[in-house]
Amino acid sequence: MNSFAGLLSETYEAAHGRRVSVVAGVERVTAPNAGPMTYKGTNTYIIGQETVCIIDPGPADEAHFHALQLALRGRTVSHILVTHTHRDHSGLAMRLKAATGAMLVAEGPHRLARALHPGEDPAFGESGDRAFQPDILLADGDLVQGEGFALEAVLTPGHAANHAAFALKDTGLLFSGDHVMGWASTVIAPPDGSMRDYMASLDRLLAREDLAYLPGHGGAVANPAAYVRGLKTHRQMRAKAILARVRAGDRDIETMVRAMYRGIETPLFKAACLSVLAHLEDLVAQGEVLCDGPVLTTSLFSPG
């Protein structure tokens, strides 16, 4: 089993343009796409020695493509795994496949967590990578194996309908994608994502005994079980706060967000509205809130 002493004490360094050794047999190259939704950039992981697999090739960025080419020089790429089809994770997949001959592996192509309501535009629709087509479709528990590595698919829908994490067998290490990250809570943006699915996926991870997570953005997550329990409690408290706002008379999501996220910066306002929408959809499904028609960001609500 790998030692995680160095991994869990590391100071996260984005190191754009070069590879960083994380633990034995795992390297990280971070794409230069820093932003309010991506932190310091998307992490691309390289697993193996002479024959390797890649997890999340990252955005269609020329500098990142060349950084990966340099990191992969002299090695064979057998598989390119994608945690989910948001462009900052999968945008480079087809080009990297063409350059390496590797097989593309994912839970499936991009899809929404639910059907669009009449007149509804998909939130962050531009982020969905509809061009991505995997060569290998993964079911829960499927193994992707190569020379010196075996990765188990752990399906974790919620942030995206096709989100999957990957457990590196016999190490206790889980590549958690955007499902769990140490720098921020995950954005759940309907109809792309589902709060009900996300919460169920947190429970799925709590049933496991992973020792550390390597996320799609930011550094390692130590003591992941305690951290996931904290995320779950945070979401439960947020749902209670939203229900309290409804019972207090709020009738639209924008009003709730301004009351609950005081001083929120403009770039994050839409994400906050979508997070509240995700909670409200779940509360409606539970019968805690009643809504005339589908739940939308401008809908009127009444407590159930």
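Would a scan of segment 17-26 turn up a residue that is at pLDDT 95 or above and either in a helix (DSSP H, G or I) or surrounded by 19 or more Cβ atoms within 10 Å (Cβ to Cβ) (or both)? Yes: segment 17-26 contains one or more residues that are at pLDDT 95 or above and either in a helix (DSSP H, G or I) or surrounded by 19 or more Cβ atoms within 10 Å (Cβ to Cβ) (or both). Looking at A160, A225, A189, just one residue is crowded, with 21+ Cβ neighbours inside 10 Å, modelled with pLDDT of 95 or more and not polar (S, T, N, Q), and that residue is A160. Evaluated against (1) at pLDDT below 95; (2) surrounded by fewer than 21 Cβ atoms within 10 Å (Cβ to Cβ), V257 falls short on exactly one condition, (2).
Residues in segment 32-44 that are within 20 Å of A99 (Cβ to Cβ) and surrounded by fewer than 24 Cβ atoms within 10 Å (Cβ to Cβ): 2 in all. Restricting attention to segment 103-122, the residues that are of a type in the set (D, E, K, R) and modelled with pLDDT under 90 add up to 2. Any residue that is in a loop (DSSP other than H, G, I, E, B), under 24 Å from the mean Cα position of the chain (by Cα), over 24 Å from R114 (Cα atoms) and among the hydrophobic types (A, V, I, L, M, F, W, C) - is there at least one of those in segment 246-269? Yes; the residues of segment 246-269 include at least one that is in a loop (DSSP other than H, G, I, E, B), under 24 Å from the mean Cα position of the chain (by Cα), over 24 Å from R114 (Cα atoms) and among the hydrophobic types (A, V, I, L, M, F, W, C). Of the numbered criteria (1) out of contact with any helix residue (DSSP H, G or I) (no Cβ under 9 Å at 6 or more places or on another chain); (2) polar (S, T, N, Q); (3) farther than 15 Å from I55 by Cα, the one Q145 fails is (3). Within segment 219-236, being part of a helix (DSSP H, G or I), β-branched (V, I, T) and touching a helix residue (DSSP H, G or I) at 6+ places or on another chain (Cβ under 7 Å) holds for one residue alone: V228. Answer yes or no as to whether A239 is of a type in the set (G, A, S), crowded, with 16+ Cβ neighbours inside 10 Å and not in a loop (DSSP other than H, G, I, E, B). It is true that A239 is of a type in the set (G, A, S), crowded, with 16+ Cβ neighbours inside 10 Å and not in a loop (DSSP other than H, G, I, E, B). Here is the figure for segment 147-157: residues that are over 28 Å from R130 (Cβ atoms) and surrounded by fewer than 20 Cβ atoms within 10 Å (Cβ to Cβ) total 3.
Every condition in (1) acidic (D, E); (2) over 30 Å from A15 (Cβ atoms); (3) assigned by TED's automatic domain parsing to the domain that holds A164 is met by D210 except one, and the failing one is (2). The single residue among D250, D178, D210 that is buried (at least 19 other Cβ atoms within 10 Å of the Cβ), touching a residue at least 40 places away in the same chain (Cβ under 8 Å), among the acidic types (D, E) and closer than 21 Å to H86 by Cβ turns out to be D178. Screening segment 51-113 for helices (runs of 4 or more DSSP H) wholly inside it with 1 or more residues that are buried (at least 22 other Cβ atoms within 10 Å of the Cβ) and in contact with a Phe, Trp or Tyr (Cβ under 9 Å, 6 or more places away or on another chain) returns the ranges 87-90, 93-100.
Of note, D135 does not satisfy the criterion of being charged (D, E, K, R), loosely packed, with under 13 Cβ neighbours inside 10 Å, under 25 Å from V221 (Cβ atoms) and modelled with pLDDT of 95 or more. Within segment 159-212, count every residue that is within 9 Å of the chain's Cα centre (by Cα) and in a loop (DSSP other than H, G, I, E, B). Adding up the residues that qualify gives 9.
The values are calculated or read from the model by the stated rules, or taken from the named source; none is laboratory data. Just so we're clear, the structure is a prediction, and the values are computed from it rather than from any experiment. Here the Cβ is made from the backbone with ideal geometry for all residues, glycine too, and neighbour counts use every protein chain on show.
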